[in-house]
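Undergrad: Mind looking over this structure? Questions follow.
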Amino acid sequence: MSPALRLAAALVAASLAVAGCDRLFSPAKGPFTGIDVTGGTMGGALQLTDHDGRARSLTDFRGKVVVVVFGFTHCPDVCPTTLADMAKAVRKLGDREREVQVLFVTVDPKRDTADLLRQYVPAFHPGFLGLRGTEAEVTTVTKAFHVYASQRPGKTPDTYSVDHSAQSFVIDREGRTRLLLPPATPPEAIASDLRVLLNS
């Protein structure tokens, strides 16, 4: 992990601890391999536009299990790896994969146009949706999910990067945020957790 990503992870851990969520980093208990955040304050606000130009909120997917992934298309490592792992996990569900919706929220709305998201996100799985908004709208969502995101300058104004926390969030059929999935969670573990929520 790069120093910048380590800093981002430390900042996220600190913000969660301040919010009384330091318990999230204890070993998983119960039926899940991810971190059970049921009853916490993460999530809720998500009013963005998908890569086809449709206004979206979490209520649009009520009745499905939703996975929210944060990242950006110029990300060189964790973002494509996470989306690839999510695609593998969803495909392990067989006929039930249609009951899961993966949403990729860009933390770089300046460069991640709808056209770019439309090319990038479904390349991992045709059912995945890319979401974007104004910088203010994206900031509202990252704050709601306690996600850290900060632009880091590059050699030129157009080659900046975005340091961001890389956890994903799983929301149950009723719209409650239930799980936090750390980066590099194996597809088998993701699929197992999704099955638990699909069967509950």
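FYI, it's all coordinate maths here, none of it is from the lab. Given the structure is predicted, the values throughout are model-derived calculations rather than measurements. As a convention, Cβ positions derive from the backbone with ideal geometry for all residues, glycine included, and neighbour counts pool all protein chains shown.
Undergrad: Could you grab the pairs with beta carbons closer than 6 Å, sequence gap of 6+ or different chains, first residue in the stretch 68-82 and under 13 Å from PHE169 (Cβ atoms), second one hydroxyl-bearing (Ser, Thr, Tyr) and in a helix (DSSP H, G or I)?
TA: So the pair list comes out as VAL69/THR82.
Undergrad: Let me ask something else about it. Please go through the stretch 184-195 and give me each residue that is of a type outside the set (Asp, Glu), over 13 Å from GLU97 (Cα atoms) and either in a helix (DSSP H, G or I) or in contact with a Phe, Trp or Tyr (Cβ under 6 Å, 6 or more places away or on another chain) (or both), ordered by number.
TA: Step one: filter the stretch 184-195 for residues of a type outside the set (Asp, Glu), giving 184-187, 189-192, 194-195.
Next, from what is left, pick out any that are over 13 Å from GLU97 (Cα atoms): 184-187, 189.
If the condition is that a residue be of a type outside the set (Asp, Glu), over 13 Å from GLU97 (Cα atoms) and either in a helix (DSSP H, G or I) or in contact with a Phe, Trp or Tyr (Cβ under 6 Å, 6 or more places away or on another chain) (or both), then PRO187, ALA189 are the ones that fit.
Undergrad: I'd like the residue in the stretch 123-142 that is without any contact (Cβ under 8 Å) to a residue 60 or more places away in the chain and outside any loop (DSSP other than H, G, I, E, B) and, out of all such residues, is farthest from PHE72 (Cα to Cα).
TA: Step one: of the stretch 123-142, the residues without any contact (Cβ under 8 Å) to a residue 60 or more places away in the chain are 123-128, 134-136, 139.
Of the ones still in play, those that are also outside any loop (DSSP other than H, G, I, E, B) are 123, 135-136, 139.
Details: ALA123: 14, GLU135: 13, ALA136: 16, THR139: 14 Å.
Applying the filter and picking the extreme gives ALA136.
Undergrad: Still on this structure: How many residues does the stretch 64-99 contain that are over 19 Å from ALA149 (Cα atoms) and out of contact with any Phe, Trp or Tyr (no Cβ under 8 Å at 6 or more places or on another chain)? Spell out how you get there, then give the answer.
TA: If we filter the stretch 64-99 for residues that are over 19 Å from ALA149 (Cα atoms), which is where we start, we get 64-66, 84-99.
Cutting the leftovers down to out of contact with any Phe, Trp or Tyr (no Cβ under 8 Å at 6 or more places or on another chain) gives us 64-66, 85, 88-99.
Here the count works out to 16.
Undergrad: If you go through the stretch 149-164, how many residues are surrounded by fewer than 23 Cβ atoms within 10 Å (Cβ to Cβ) and either part of a strand (DSSP E or B) or touching a His at 6+ places or on another chain (Cβ under 8 Å) (or both)?
TA: First, pick out the residues of the stretch 149-164 that are surrounded by fewer than 23 Cβ atoms within 10 Å (Cβ to Cβ): 149-163.
If we keep only those that are either part of a strand (DSSP E or B) or touching a His at 6+ places or on another chain (Cβ under 8 Å) (or both) as well, we get 149-152, 161-163.
Summing the residues that are surrounded by fewer than 23 Cβ atoms within 10 Å (Cβ to Cβ) and either part of a strand (DSSP E or B) or touching a His at 6+ places or on another chain (Cβ under 8 Å) (or both) in the stretch 149-164 gives 7.
Undergrad: Separate question: Looking only at residues that are polar (S, T, N, Q) and buried (at least 22 other Cβ atoms within 10 Å of the Cβ) in the stretch 166-193, which one is nearest to VAL65 (Cα to Cα)?
TA: The qualifying residue nearest to VAL65 (Cα to Cα) is THR177.
Yes/no per residue for (1) β-branched (Val, Ile, Thr); (2) surrounded by fewer than 18 Cβ atoms within 10 Å (Cβ to Cβ); (3) farther than 19 Å from THR177 by Cα:
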residue: HIS51; (1), (2), (3): no, no, yes
residue: ARG54; (1), (2), (3): no, yes, yes
residue: VAL67; (1), (2), (3): yes, no, no
residue: CYS79; (1), (2), (3): no, no, yes
residue: MET86; (1), (2), (3): no, no, no
residue: ARG98; (1), (2), (3): no, yes, yes
residue: LEU103; (1), (2), (3): no, no, no
residue: THR134; (1), (2), (3): yes, yes, yes
